[in-house]
Every structure is written in structure tokens, then in C-alpha cells.
1. I want to confirm something. Restricting to the stretch 84-105 and keeping residues that are touching a residue at least 24 places away in the same chain (Cβ under 8 Å) and closer than 15 Å to S145 by Cα, which single residue is surrounded by the fewest Cβ atoms within 10 Å (Cβ to Cβ)?
2. Any chance you could count how many residues in the stretch 247-277 are at pLDDT 80 or above and part of a helix (DSSP H, G or I)?
3. Can you tell which of G111, G184, G175 is more than 27 Å from M214 (Cβ to Cβ) and either out of contact with any His (no Cβ under 7 Å at 6 or more places or on another chain) or hydrophobic (A, V, I, L, M, F, W, C) (or both)?
4. May I ask you to list the residues in the stretch 209-228 that are open to solvent by less than 100 Å² (accessible area, probe 1.4 Å) and out of contact with any His (no Cβ under 6 Å at 6 or more places or on another chain)?
5. Which residue out of Q131, Q123, Q70, Q117 is over 26 Å from D183 (Cβ atoms), modelled with pLDDT of 90 or more and not aliphatic (A, V, I, L, M)?
6. Taking strands (runs of 3 or more DSSP E) that do not extend beyond the stretch 113-213, which have at least 1 residues that are in contact with a Pro (Cβ under 7 Å, 6 or more places away or on another chain) and either among the β-branched types (V, I, T) or under 30 Å from I81 (Cα atoms) (or both)?
7. Only one of R125, R151 is of a type in the set (D, E, K, R), under 30 Å from A190 (Cα atoms) and in contact with a strand residue (DSSP E or B) (Cβ under 8 Å, 6 or more places away or on another chain); which?
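The values are calculated or read from the model by the stated rules, or taken from the named source; none is laboratory data. Here the structure is a predicted model, which is why all the values come from computation and not from measurement. We place every Cβ from the backbone using ideal geometry, glycine too, and count neighbours over all the protein chains shown. Each accessible area value is taken on the protein alone, full model and side chains, heavy atoms only, with ligands, DNA and RNA left out. Shrake-Rupley method; radii C 1.70, N 1.55, O 1.52, S 1.80 Å.
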Amino acid sequence: MSNNFDRQQASFLSSMSAAASKLGSGAGTKRSLAPPSPSPSVGSTTSAAAPGSLTPRRDRDTPSNIVYSQPALTGTGDSIISQMAYAVSWLRTKDEPQTCTDVLGYLSATGRPEKEQEFFVEQMRRHPQIQWIPDPDLSEQTWRSGTYVHRPTIPNVKSKTQLLAYLQKKTDASGVSVKDLKDGWPDCEAAINELEAEHRLLVVRAKKDGAARMVWLDDPSLFHEVDPQLRLLWTRVEVPSVDNIVQKLVAAQQKPASEDPRLKAAQTPKTEKKKKKAVRRTGKSTNVHMEHLLKDYSHMKR
């Protein structure tokens, strides 16, 4: 036991001496701290400025109207989605077919690798709003051949006559969205207003700004001018208020059209239905349908 204790004591003393030597060496060496940098003075800042100017060159070269919270203007974008959107918008403004070189030049993409240009042209030919017209003089088309035009949502409608013809060819009673018309005919508002005044179009307009939203075909022969005197007499007729109309109809035992059946159902008091108590049967129950099987035949034993 004593030998084991001596070994533990010697180990403890050696570890303590090692720790003391480390602490002593750390306390004996002093760390050198760099002096704090002085704040720039007026003389030091003006020395970097150009002669005859009190503004440093770095401050003068930096524009003062930069808005760092807004993204920088990078042209038409680098992704194929944004490039395709700009190509469709540009072709929408062109009446004549454009080559792929014209489109790539507008997008500033002619300096890109040829594989990227070819891939963009292939995607442009597949776009639903772009129509590719192959070159009739070539037997085999390449990615540079042919021209491109905008394919509107409603094709071949750019005048009043074409609009009326398109509406007459419709086989259902659905209207035509003015937004779809503007995709291929941007300035169709004036023509719609003229056709509406001629009673050849039925127009649904927005309540906020009065802009046309939907159009239907109209028949001018169904329009009849109302006599101004009849209009005056009509406006002079006093119409009772809604509450009085409802009261008069109810007094005449008639149902008002403005009556909400849900409100009437809510006003009707609900009658509580009393639950019937189940009749509890008492007494001995037997298997009547098995009586012939349970009959006692013990007396028939021999």
C-alpha cells in the first residue's frame, strides 16, 4: 500500500511542477501590443486630394447617387427565361419577320459561344408565342436559317373587320378577352369604342377605370331608340324603398324576391324533439325456432 501511495504522490508532484513551469514562462514573457492607429486628421485627408481640391480622389471618383438597396441595371438578363421574354416582347413590336441574328443582336448575345446561341434558337423555335418560318430556298434547314415572327393569342385580328369576322366564326356564346386581343393588336381600344357606339359590340368594362375587359358580338338591328318623353315619364315614377316593398308583398301574402331563405330559417325557432325511451323487455327469452331440436326424448330409451 505504501509503495502505491508513494507512486501516486510522485506523479502528482511532477504534474504540479510541470504546470508551475508553464505558468512561470507565460508570466515572464510580455506580449507586445501595437499602438492604436490615430484618427485621420484634416491634413492627412487633404494630402491625398488633387491640387486645388479639398476632396480626396477616392471620394471624388465614387458616384454620389448610387442606391445600394436596388439591383444594378444589367441589361436584358443572363438567364434563358428572361432572354426569351425580352425576345417575345421585341418580336411583338415588329411587323416584319426577323432573323435569328437580329434577335440575338437585340439581346446582345452575338458574342456568346456558338453552342449557347444554337441552344437559344432551338428553344425559341419551340416557344408557343414565336413562329419560325423556314427558308424556302434551302433544302436542309440549319439553326441560323429562317425568320421569326410573333404568334399572338388571337391570330390575324388587327382591324375592326377582322374582329367582327372572328366573333362571327365562334361556335359558342363565350366572350373574347381584350387582353388576348391586345397581344396581337395593342391599339384595339379605339376600334372597340367605335364598334360599341355602332351597337356592333357588347363590351364589359371595369368599374375602376372603365377599361374594356370582354367583348361579344352585337346586332345593330336589335337596338331601338327609346322616346325621350317616355324616358322622362319613367324617371318620374316614384319607386318605394326596399323595406316598404317587402312589407307590401308580405301583406299581400307574396314572397319577396329579395328575401333570403337562410335568414328565414335562422329566425324560425327550433323545436326540441324529445327522445323516446327505449322499451326494456323483461322476462325469460328462449330459442323458439329451435324448440323441435331441444325436445326431451329421454323417455324413449329402452
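1. Top of the filtered list is T101.
2. So the count comes out to 5.
3. Working: G184 fails: more than 27 Å from M214 (Cβ to Cβ); G175 fails: more than 27 Å from M214 (Cβ to Cβ).
Matching residue, one of G111, G184, G175: G111.
4. Our first condition is that a residue be open to solvent by less than 100 Å² (accessible area, probe 1.4 Å); within the stretch 209-228, this holds for 210-212, 214-221, 223, 226-228.
Those that are open to solvent by less than 100 Å² (accessible area, probe 1.4 Å) and out of contact with any His (no Cβ under 6 Å at 6 or more places or on another chain): G210, A211, A212, M214, V215, W216, L217, D219, S221, V226, D227, P228.
5. Q117
6. Numbers: elements: 130-133, 147-150, 201-205.
Here the list reads 130-133, 147-150.
7. On the way: R125 fails: under 30 Å from A190 (Cα atoms).
Matching residue, one of R125, R151: R151.
So that you can scan it fast, the table gives a plain yes or no per residue for (1) farther than 19 Å from L91 by Cβ; (2) open to solvent by 60 Å² or more (accessible area, probe 1.4 Å):
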residue: L107; (1), (2): no, no
residue: R112; (1), (2): yes, yes
residue: K115; (1), (2): yes, yes
residue: F120; (1), (2): no, no
residue: Q131; (1), (2): no, yes
residue: E140; (1), (2): yes, yes
residue: T153; (1), (2): no, yes
